[in-house]
Amino acid sequence: MHYDVFNGDADGIIALVQLRLVEPKESVLITGVKRDISLLKQVDITTATSVTVLDISLEKNIQSLQGLLDNQVDVFYVDHHRTGEIPSSSKLTTLLNTDANICTSLLVNDFLQGQYVNWAIAAAFGDNMHASAKALAVKVGLTEAEQAQLNELGIYINYNGYGASVEDLHFHPADLYQALLKYPDPFTLINEKNSLFWQLKQAYLADMAKAQSAKVISEKTNVKAVQLADEAWARRVSGVFGNDLANQAPDRAHIVLTLNKVNVNETAQIDAASYTLSLRAPLNNKQGAGDICSQFPTGGGRAAAAGVNELPISQLDEFIKHVESYYQDSKL
Ligand SMILES: [Mn+2]
């Protein structure tokens, strides 16, 4: 049995669309919300004969990967996140590149020699890699208007992946993948009345309108921190809202916080409250976000975009100061 394991964000879902348009395959789909990257362990090692893995860190899935390889399962692994040490095995084929301007769909696009390139462009826009997306769009001759449409589509698919659990999402990423696979050309989807594109657009605009009232926690020349409510809409919109802020002020780092629910247990003691936060490096200085977040427990990510799942409230000031001084010292 073949397994397709993919991140539930734009370049995870779209990378699989590109591959399966070229090579249709019956497969078991394994995916989840964007932040759920520990996916490979869900593959049933007793039934798996081959596995395609897209857009999840090899480092974070190394144990499951080693188990599959030891069991003689063929693995095709494509990703742009931290790799850690890559196992050497004749069963493993990789396309790995951690360049900050490369996403999984772009790697797949090279591999497929540009087949379904419009999908790859939408994915790169969705992963907020505007320069790469634009360069590719210009190369294949898309007009400004067409580029803007693919940008929108990428943003909406990316937006759908954010949430604490799949219950927060409008569409389960596996369902979204299957729906998108019906469109070899994303412009057909965009031009179709009441299609998924329009449904996602409507939902996105409603959530973003609410996000405009976000509370500004701190605003300095090089760092801005804002807080969103702890509600499903805020969990959905936090990532794309962060991208939006970054695009508006490309020299600034941005922190988007949501307060995690406080659990009151039986003895009426209140567990220490914490924030889930995402940190975006300045678009014009894409470095350091992953390193900064990794210094806090439950933190991690890429150079350009990273996060902390549970930052104790008492550490927020320290975190913000850390971000301020980091980007103060690392001006281009
Ligand atoms: Mn991705």
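Every helix of 4 or more DSSP H residues in the chain counts as -39500 (n - 2.57), and over all residues that averages to -12500 deg cm²/dmol at 222 nm. When V75, V216, V28, V117 are compared by accessible area of protein heavy atoms, the largest-first order is V216, V28, V117, V75, using a 1.4 Å probe. Quick check: from the Cα gyration tensor, does the stretch 1-45 come out rounded (a/c under 1.5), prolate or oblate? Taking the square roots of the gyration eigenvalues as a ≥ b ≥ c, the stretch 1-45 is oblate.
The accessible-area ordering, largest first, of the residues W198, W233 stands as W198, W233, per a 1.4 angstrom probe.
The value of relative contact order for the stretch 2-203, using C-alpha pairs under 8 Å at least six residues apart, is 24 percent. Both radii are taken from the alpha-carbon atoms of the stretch 212-329; with Rh as the Kirkwood radius, Rg/Rh is 0.98. Compared with the rule-of-thumb size 2.2 N^0.38 Å for a compact globular protein, the stretch 174-264 has a Cα radius of gyration ratio of 1.36. Roughly what would the spin-label model give for E26 and K182, points 7 Å off Cα along C-beta, in nm? Between E26 and K182, the simple spin-label model gives 2.2 nm. Taking a point 7 Å from the Cα of A273 along the Cα-to-Cβ direction, the residues of the stretch 190-227 with backbone N closer than 20 Å to it are 211, 213-219, 225-227. Taken one residue at a time, the phi angles of the stretch 295-308 give Karplus couplings (6.51, -1.76, 1.60, θ = phi - 60°) of 6, 10, x, 6, x, x, x, 9, 4, 8, 8, 8, x, 10 Hz. Gly and Pro are set to x.
Mind giving me the FRET efficiency for S218 and I62? R0 is 22 Å, r the Cβ-Cβ distance, nearest 0.05 is fine. Using R0 = 22 Å, I get an efficiency of 0.05.
Spin-label model, F76 to K321: label points 7 Å out along the Cα-to-beta-carbon direction sit 5.1 nm apart. Look at the Cα gyration tensor of the stretch 20-94: its axes a ≥ b ≥ c give a/c under 1.5, and that counts as rounded.
Sorting I62, I56 on solvent-accessible area from highest to lowest, probe radius 1.4 Å, gives I62, I56. Across the accessible surface of the chain, with the other protein chains kept in place and a 1.4 Å probe, carbon and sulfur atoms take up 50 percent. Taking the three principal axes of the alpha carbon atoms in the chain, the coordinate ranges are 50, 48, 42 Å, sorted in descending order.
Taking a ≥ b ≥ c as the square roots of the eigenvalues of the alpha carbon gyration tensor, the stretch 69-118 is oblate, as a/c is not under 1.5 and a/b does not beat b/c. Compared with the dominant principal axis of the Cα atoms in the chain, helix 316-329 is inclined by about 70°.
The angle between the Cα long axis of helix 232-248 and the main principal axis of the chain comes to about 90°, on a 0 to 90 degree scale.
Accessible area per residue for the chain, computed on protein heavy atoms with a 1.4 Å probe, is 45 Å².
Counting charges near G163 (Lys, Arg +1; Asp, Glu -1) among other residues having Cβ under 10 Å from its Cβ returns a value of +1.
The values are calculated or read from the model by the stated rules, or taken from the named source; none is laboratory data. Bear in mind the structure is a predicted one, so any value in this text is a computation, not a measurement. Cβ: placed from backbone, ideal geometry, glycine included. Neighbour counts: every protein chain shown. With ligands, DNA and RNA removed, areas are computed over all heavy atoms of the protein, side chains included. Shrake-Rupley method; radii C 1.70, N 1.55, O 1.52, S 1.80 Å.
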